[in-house]
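Enquirer: Below is a structure I'd like to ask you about.
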Amino acid sequence: MKYHIETACDQGVVRSNNEDAICYGNCVVKNEKLNVQWMLIADGVGGHKAGEVASGQLVDYINNAFEQLKKQPEQGWLAWIDQQIQCASQSIYNQALSQPSYEGMSTTGVLLVIDNDQCYLGWVGDSRAYTLSNHQLKQQTKDHTMIQYLVDKGAITAEEAQKSNTKNLLSKAIGAKSELEVEVLSFSVQVGDALLLSTDGLHDYLTDEQLTQYMANSNVNHSVCSDMIAQSIDQSSKDNITVGIIKIY
């Protein structure tokens, strides 16, 4: 498999700083570049500039984890992803305890690894991963928000949740507590599929139809991420906006 990758990360038109972050790379195993591609997206939470510290620390930690990875983990990618996000969370939590200006900082995070025909995901918070396969869009992640919790319990409908003013109130975040439960899953991928990671400044303001169109049109000759950010702003996004696309060909 080969990959077309594009990303964009924008402060947006309302926020005074950018607390989002995104990174990606290839995994080097046994000194050989294998067919392993990864991407991470994060949306920091916290006062002053603490949110961008938390998201930046998560990016740095995961980047370093892949640099240190010399062989594919024996326990498999899902266990490895779980472990790395938990360790990063503990590091962020400890830093928040040690510096008063960072008190309460945390971040969302979605980590994606593609190894041959399998994709592995681990996530915490309301940043998302989508797939487009055979013209069908699917949200692979489920938001860790209080509103989603109420939807799952049947207390409110999905339509009511979409209209709520508190739909982005997180139920858990990386670095928020000393212990963290990471949600993980895996699924198969094939040539022609597209995968998208986004923060809520993007997916809260674009429809599924728009996401589908952009993901379908992304290719080596046509970048779409900047256009997606521009349309999110046109559709009243007031947050930082970040998106990454991996197209398999």
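The values are calculated or read from the model by the stated rules, or taken from the named source; none is laboratory data. From a predicted model like this one, the values you see are computed outputs, not experimental measurements. With ideal geometry, Cβ positions are generated from the backbone for all residues, glycine too; neighbour counts draw on all protein chains shown. Keep in mind that these areas ignore ligands, DNA and RNA; they rest on the heavy atoms of the full protein, side chains included. Shrake-Rupley method; radii C 1.70, N 1.55, O 1.52, S 1.80 Å.
Enquirer: Give me a count of the residues in the stretch 152-202 that are modelled with pLDDT under 80, among the hydrophobic types (A, V, I, L, M, F, W, C) and surrounded by 17 or more Cβ atoms within 10 Å (Cβ to Cβ).
Expert: Looking only at that region, the number is 1.
Enquirer: Applying the selection to the stretch 33-60, what residues are closer than 22 Å to SER186 by Cβ and either under 18 Å from the mean Cα position of the chain (by Cα) or at pLDDT 95 or above (or both)?
Expert: The answer is VAL36, GLN37, TRP38, MET39, LEU40, ILE41, ALA42, LEU58.
Enquirer: Residues that are within 12 Å of the chain's Cα centre (by Cα), at positive phi, in contact (Cβ under 8 Å) with a residue 40 or more places away in the chain and open to solvent by less than 50 Å² (accessible area, probe 1.4 Å): does the stretch 117-127 have at least one?
Expert: Restricting attention to the stretch 117-127, the residues satisfying the condition of being within 12 Å of the chain's Cα centre (by Cα) are 121-127.
So of that shortlist, the ones also at positive phi come out as 125.
If we keep only those that are in contact (Cβ under 8 Å) with a residue 40 or more places away in the chain too, we end up with 125.
Still in the list and also open to solvent by less than 50 Å² (accessible area, probe 1.4 Å): 125.
Among the residues of the stretch 117-127, at least one is within 12 Å of the chain's Cα centre (by Cα), at positive phi, in contact (Cβ under 8 Å) with a residue 40 or more places away in the chain and open to solvent by less than 50 Å² (accessible area, probe 1.4 Å), which makes the answer yes.
Enquirer: Now for a separate question. How many residues, within the stretch 128-148, are in contact (Cβ under 8 Å) with a residue 60 or more places away in the chain and open to solvent by less than 30 Å² (accessible area, probe 1.4 Å)?
Expert: Step one: of the stretch 128-148, the residues in contact (Cβ under 8 Å) with a residue 60 or more places away in the chain are 128-133, 135, 137.
Filter once more, keeping what is open to solvent by less than 30 Å² (accessible area, probe 1.4 Å): 129-132.
Qualifying residue count for the region: 4.
Enquirer: Taking the stretch 6-17 only, how many residues are open to solvent by less than 40 Å² (accessible area, probe 1.4 Å) and within 18 Å of the chain's Cα centre (by Cα)?
Expert: Residues meeting the conditions: 3.
Enquirer: Something else now. For residues that are in contact with a Ser or Thr (Cβ under 8 Å, 6 or more places away or on another chain), of a type outside the set (S, T, N, Q) and under 23 Å from GLN83 (Cα atoms), tally how many sit in the stretch 114-142.
Expert: As a first pass, look at the stretch 114-142 and keep what is in contact with a Ser or Thr (Cβ under 8 Å, 6 or more places away or on another chain): 117-121, 123-130, 132, 135, 137-138, 140-141.
With of a type outside the set (S, T, N, Q) added as a condition, the list becomes 117, 119-121, 123-126, 128-130, 132, 135, 137-138.
Next, only the ones that are under 23 Å from GLN83 (Cα atoms) stay: 117, 119-121, 123-126, 128-130.
Result for the stretch 114-142: 11.
Enquirer: Please go through the stretch 205-223 and pick out each residue that is farther than 25 Å from ASN116 by Cα and either modelled with pLDDT under 95 or β-branched (Val, Ile, Thr) (or both).
Expert: Scanning the stretch 205-223 gives a single hit, THR207.
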